[in-house]
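Input: a single structure, listed below in structure tokens.
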Amino acid sequence: MIAFIVREFQPGLDSLCFLHEKCLQSCPAEMLAPLVSLRAAKAEAEAGSSPPPKAALLWYEAQRLYEQLPDGANALRCARNAVQCDPGNYDIHYHLGLCLFNLRMFEEAEQHFRWCLQRKPGNRSVQEKLRQTLKGRIEGHGRV
């Protein structure tokens with residue numbers, strides 16, 4: 001049914017988002033993978049022709065969708081593009097840090113968590129992520 005709707009109506013990003021939300025209520029996650037992938041591709045395409053602040057949010061949306069698939073390489077690419085479009089956005093830096101952390105790219109993740117802490121020094125969740133990142137770096141070097 002999802003494939004039919006997408007093929008016949010060729011919905012835009014907003015319609016795909018609505019369709020995805022409705023399908024989440026009744027479809028298993030594995031059936032939604034093609035829809036999630038298409039939605040991510042549409043978000044990327046729209047980001048390419050949007051002004052920087054909006055493009056950053058679209059890249060972030062694509063990142064989150066790729067994380068659901070899971071497609072770490074594309075999620076990371078989108079997260080990096082989001083930061084490029086809006087380099088002063090705290091949330092986007094934080095989510096790039098999380099993406100890097102999840103891919104065990106601890107050194108680069110550390111840079112983004114430190115950037116966040118410079119702007120919000122008392123943020124305990126960022127402090128904890130930085131602690132985990134440093135621990136991951138130490139443990140990673142111990143195995144080399």
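For segment 42-71, which residues satisfy the criterion of being open to solvent by 50 Å² or more (accessible area, probe 1.4 Å) and either in a helix (DSSP H, G or I) or in contact (Cβ under 8 Å) with a residue 60 or more places away in the chain (or both)? If the condition is that a residue be open to solvent by 50 Å² or more (accessible area, probe 1.4 Å) and either in a helix (DSSP H, G or I) or in contact (Cβ under 8 Å) with a residue 60 or more places away in the chain (or both), then Lys42, Ala45, Glu46, Gly48, Pro52, Pro53, Lys54, Leu57, Tyr60, Arg64, Glu67, Gln68 are the ones that fit.
Would you mind stating whether Gly88 is open to solvent by 30 Å² or more (accessible area, probe 1.4 Å) and in contact with a Leu (Cβ under 9 Å, 6 or more places away or on another chain)? Spell out how you get there, then give the answer.
On the way: open to solvent by 30 Å² or more (accessible area, probe 1.4 Å): yes; in contact with a Leu (Cβ under 9 Å, 6 or more places away or on another chain): no.
So Gly88 does not fit the description; no.
I'd like the residue in segment 95-144 that is surrounded by 20 or more Cβ atoms within 10 Å (Cβ to Cβ), over 16 Å from Ala82 (Cα atoms) and of a type outside the set (A, V, I, L, M, F, W, C) and, out of all such residues, is nearest to the chain's Cα centre (by Cα). Here the residue is Lys129.
The values are calculated or read from the model by the stated rules, or taken from the named source; none is laboratory data. These numbers were taken from a predicted model, which means no experiment stands behind them. Positions of Cβ are generated from backbone atoms using ideal geometry, with glycine treated the same way; all protein chains shown enter the neighbour counts. Just the protein is used for accessible areas: all its heavy atoms, side chains included, with ligands, DNA and RNA removed. Shrake-Rupley method; radii C 1.70, N 1.55, O 1.52, S 1.80 Å.
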